[in-house]
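**Q** Below is a structure I'd like to ask you about.
The values are calculated or read from the model by the stated rules, or taken from the named source; none is laboratory data. Just so it is clear, the model here is predicted, and its values are computed rather than measured. Cβ coordinates were reconstructed from backbone atoms using ideal geometry, including for glycine residues, and neighbour counts include every protein chain displayed.
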Amino acid sequence: MDDISIGFDLAPFRRWVSDLVKKQIPFATALATTRVAKDAQAELQDEIDEHFISRTKFVERGVRIKAASKARPIAHVGSRDEFMRLQAEGGTKEGQGDGVAVPVGARLRPTSRTPPGKWPGAVLKKARHFTQKLPSGDKGVFRRMGRGRSRKVRLLWHLTNKVNVPKRWPIRETVERVVRKQWRKRAKEALRQALKTARR
């Protein structure tokens with residue numbers, strides 16, 4: 001039996017595949033970048049309790065992303081809350097007016113939430129509460145407790161001009177770890193989806 005040979009010019013096919021891939025690369029890149037950003041967002045939200053005493057879900061809900069696009073294939077991950085900048089970078093928090101209020105005896109437990117009614121400005125409007133200079137020169141908000149011989153005062157708030165805030169939230173390190181772990185997987189998924197949904 002004679003061999004039968006059939007020849008094909010594969011050049012047009014290769015060009016078509018190459019053009020298709022090139023056309024879909026921007027979409028796939030934006031899709032993969034956004035998905036990795038979402039992975040990082042979820043990881044940051046899960047880690048909040050490891051770094052902070054979380055009394056509500058407010059901080060977790062503040063972790064947001066800005067999706068990438070074909071025109072700008074860059075996704076952003078961060079917090080909407082400006083006060084988290086110091087937690088992520090460290091630095092000095094400077095007070096205004098009477099200064100920064102640091103709770104001392106204002107909470108029953110460290111994990112307790114401090115409602116506005118227990119903030120310095122609110123408690124000083126109530127009887128038996130007053131301010132007094134501390135040995136450091138800062139001011140404190142106190143409450144008179146008991147009567148007679150059992151009378152004593154309790155320091156509720158320490159008012160200071162500035163507080164050094166250490167870096168407590170490794171947001172950059174977490175995002176970089178997630179990108180290294182997830183990028184290859186998300187890129188492959190996004191390219192497959194881009195080719196599958198491409199207009200022929």
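**Q** Any residue that is among the small types (Gly, Ala, Ser) and surrounded by 16 or more Cβ atoms within 10 Å (Cβ to Cβ) - is there at least one of those in the stretch 117-133?
**A** Step one: list which residues in the stretch 117-133 are among the small types (Gly, Ala, Ser), which gives 117, 121-122, 127.
Imposing the further condition that a residue be surrounded by 16 or more Cβ atoms within 10 Å (Cβ to Cβ) reduces the set to none.
For the stretch 117-133, residues among the small types (Gly, Ala, Ser) and surrounded by 16 or more Cβ atoms within 10 Å (Cβ to Cβ): absent.
**Q** Give Ile65, Ile53 a once-over and let me know the one that is surrounded by 13 or more Cβ atoms within 10 Å (Cβ to Cβ) and either at pLDDT below 90 or touching a helix residue (DSSP H, G or I) at 6+ places or on another chain (Cβ under 9 Å) (or both).
**A** Just a single option satisfies the conditions, and that option is Ile65.
**Q** Of all residues in the stretch 162-183, how many are out of contact with any Leu (no Cβ under 7 Å at 6 or more places or on another chain), surrounded by 15 or more Cβ atoms within 10 Å (Cβ to Cβ) and not in a strand (DSSP E or B)?
**A** Keep residues of the stretch 162-183 that are out of contact with any Leu (no Cβ under 7 Å at 6 or more places or on another chain), which gives 162-164, 166-170, 172-173, 175-183.
Filter once more, so that each one left must be surrounded by 15 or more Cβ atoms within 10 Å (Cβ to Cβ): 163, 169-170, 175, 178-179, 182-183.
If we keep only those that are not in a strand (DSSP E or B) as well, we get 169-170, 175, 178-179, 182-183.
Qualifying residue count, the stretch 162-183: 7.
**Q** Look at Leu44 and say whether it is in contact with a strand residue (DSSP E or B) (Cβ under 8 Å, 6 or more places away or on another chain), more than 30 Å from Asp138 (Cβ to Cβ) and touching a residue at least 60 places away in the same chain (Cβ under 8 Å).
**A** Details: in contact with a strand residue (DSSP E or B) (Cβ under 8 Å, 6 or more places away or on another chain): yes; more than 30 Å from Asp138 (Cβ to Cβ): yes; touching a residue at least 60 places away in the same chain (Cβ under 8 Å): yes.
Criteria met by Leu44.
**Q** If you check Arg55 against the conditions, is it assigned to a helix (DSSP H, G or I), over 10 Å from the mean Cα position of the chain (by Cα) and basic (Lys, Arg)?
**A** no
**Q** If a residue must be closer than 15 Å to Val102 by Cα and of a type outside the set (Lys, Arg), how many such residues does the stretch 143-165 contain?
**A** Counting residues in the stretch 143-165 that are closer than 15 Å to Val102 by Cα and of a type outside the set (Lys, Arg) gives 10.
**Q** Follow-up. Looking only at the stretch 139-161, count how many residues are in a loop (DSSP other than H, G, I, E, B) and either among the aliphatic types (A, V, I, L, M) or touching a Gly at 6+ places or on another chain (Cβ under 7 Å) (or both).
**A** 1
**Q** Of the residues in the stretch 99-136, how many are assigned to a loop (DSSP other than H, G, I, E, B), under 30 Å from Lys57 (Cβ atoms) and touching a residue at least 12 places away in the same chain (Cβ under 8 Å)?
**A** Result for the stretch 99-136: 9.
**Q** Testing Arg177 on (1) among the basic types (Lys, Arg); (2) touching an Asp or Glu at 6+ places or on another chain (Cβ under 7 Å); (3) in the same structural domain as Val77 (by TED's automatic domain parsing), one condition comes back false. Which one is that?
**A** (2)
**Q** Within the set of pairs 6+ apart or on separate chains, which have a first residue in the stretch 146-173 that is closer than 19 Å to His129 by Cβ, a second that is of a type in the set (Val, Ile, Thr) and surrounded by 12 or more Cβ atoms within 10 Å (Cβ to Cβ), and C-beta atoms under 6 Å apart?
**A** Leu155/Val104; Leu156/Val141; Trp157/Val141; His158/Val102; His158/Val104; Thr160/Val100
**Q** Moving on to the next point. Of the residues Gly99, Gly78, which is surrounded by 14 or more Cβ atoms within 10 Å (Cβ to Cβ) and at pLDDT below 85?
**A** Of Gly99, Gly78, the one residue that is surrounded by 14 or more Cβ atoms within 10 Å (Cβ to Cβ) and at pLDDT below 85 is Gly99.
**Q** Just checking, which of Leu159, Leu191 is within 30 Å of Arg35 (Cα to Cα), modelled with pLDDT under 90 and either hydroxyl-bearing (Ser, Thr, Tyr) or under 33 Å from the mean Cα position of the chain (by Cα) (or both)?
**A** Answer to the check: Leu191.
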